Structure formats: structure tokens, C-alpha cells
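Notes follow the structure.
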Amino acid sequence: MSTTTADIVDGITRLVVAVDELLKTDTVNAIVALVRQFGIGAPVKVGIDALGKALDLIISWIAKLEQVAAIPSLLESLDPALDGLKAIGDKSEDEMREMGLEPLAPLAGAAHAASVVLEKLRAGVTLILQGYLPQQSLESLRESVVQVKETLKKLGDALVSGASLTGGGNLSLTAGAPA
């Protein structure tokens, strides 16, 4: 079985989601309470904030990859213009003259050649990008990294705010003293 780029990106997404779920467990909540109890929440929060900045960078990289992955959709939106070019290219110079388009007649051959090249380019770009940059997978990955960043921010805030994290595997902040 061969592995595709989508398989790899989807696997990374599952890993990021699992990390997010781990960060929301009672065990991590207990560690946050212990860190606060020892009075070292502020320095640990600095590390969490630095990790958040690194995640911001990763999120921006993924967003740029998503833009590249969207090129096939952009090229698809150019279809009406390419169809017009193809229509001109499908006519012979004589047909163009008969249609009263004498000034455009010499362009018929060039339009045909251009439409063939552009169609091949479009097909190649689409094949490559859809094969190597799966748009939906990249979007899911970006969203999962954003979720981890939000979870880390809540944990960092809980380290210094005196708030407690409730159990049940769900990260939520409630007022209270350190455990």
C-alpha cells in the first residue's frame, strides 16, 4: 500500500488532535494545579507562550500551503476565458474572415496553440497540487493546530490566574484557589 501526502497530513492531524485531547485531561489539570501550588506558574506560562508563538508560525505556514493548494480552483475559475480562447483557436483564418473578424484572423493559430499549452499547464498543475497538497487535509491540520494553541493558552492563563481546571477530561476554567 502506498502512502499519499493526504495520508501523512491526516496522520499528523490525528496526532495534533490527540495532543489537544491529552492537554485537556485530569492529569494535565493536576499538573497545572501543582505548578501553581509551587508558585512557578509565571515562568511555565512564558514557555507555553513561546510554544504558542511557534504554533502561530506553523499555522501561517499551513495557511500558505492552503493558498498554493487552492491554485487548481483558481485555474478552474479561468475556464470561461480559456473557453473563449479555445473558441477562437478552433476557427481557421478563413472562418475568422468569413465571420467579419479579419483583424483577428492571424490570431487563430496562435490562439489554438495558446489554448493547448494553457490546458496542458492547467491539467499538470492540478494533478501535481491535488496529489501533493490536499486542500481539505491541510485545512483540517490548520484547524487542529489552532485548537491546540487555544488549549495551551487556557492552560497558560490557568497557571497564573488562580483559576482551576475542572476534571472530566474537559478543560474549563472556574474560579477557585489552587488545589
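The values are calculated or read from the model by the stated rules, or taken from the named source; none is laboratory data. Here the structure is a predicted model, which is why all the values come from computation and not from measurement. Heads up, the Cβs are rebuilt from the backbone with ideal geometry, glycines too, and the neighbour counts pull from every protein chain shown. Just the protein is used for accessible areas: all its heavy atoms, side chains included, with ligands, DNA and RNA removed. Shrake-Rupley method; radii C 1.70, N 1.55, O 1.52, S 1.80 Å.
Values computed for the structure shown
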quantity: Residue list for region 69-82, restricted to those being hydrophobic (A, V, I, L, M, F, W, C) and surrounded by 13 or more Cβ atoms within 10 Å (Cβ to Cβ); calculated: A69, A70, I71, L75, L82
quantity: In region 80-119, the residues that are more than 41 Å from the chain's Cα centre (by Cα) and outside any helix (DSSP H, G or I); calculated: K91, S92, M99, G100, L101, A105, P106
quantity: Filter pass, E93 being open to solvent by 70 Å² or more (accessible area, probe 1.4 Å), over 30 Å from L51 (Cα atoms) and in contact with a Pro (Cβ under 7 Å, 6 or more places away or on another chain); calculated: yes
quantity: Extreme residue, modelled with the lowest pLDDT, among residues of region 1-60 that are in a loop (DSSP other than H, G, I, E, B) and either at positive phi or out of contact with any helix residue (DSSP H, G or I) (no Cβ under 8 Å at 6 or more places or on another chain) (or both); calculated: M1
quantity: Counted residues, region 1-33 - those being open to solvent by 70 Å² or more (accessible area, probe 1.4 Å) and either among the polar types (S, T, N, Q) or in contact (Cβ under 8 Å) with a residue 60 or more places away in the chain (or both); calculated: 6
quantity: Inter-residue pairs, beta-carbon under 7 Å, first of a type outside the set (A, V, I, L, M, F, W, C) and in region 42-61, second open to solvent by 80 Å² or more (accessible area, probe 1.4 Å), 6+ apart; calculated: G52/K153
quantity: Residue list for region 141-156, filter: out of contact with any Leu (no Cβ under 7 Å at 6 or more places or on another chain), within 19 Å of V35 (Cβ to Cβ) and open to solvent by 70 Å² or more (accessible area, probe 1.4 Å); calculated: K153
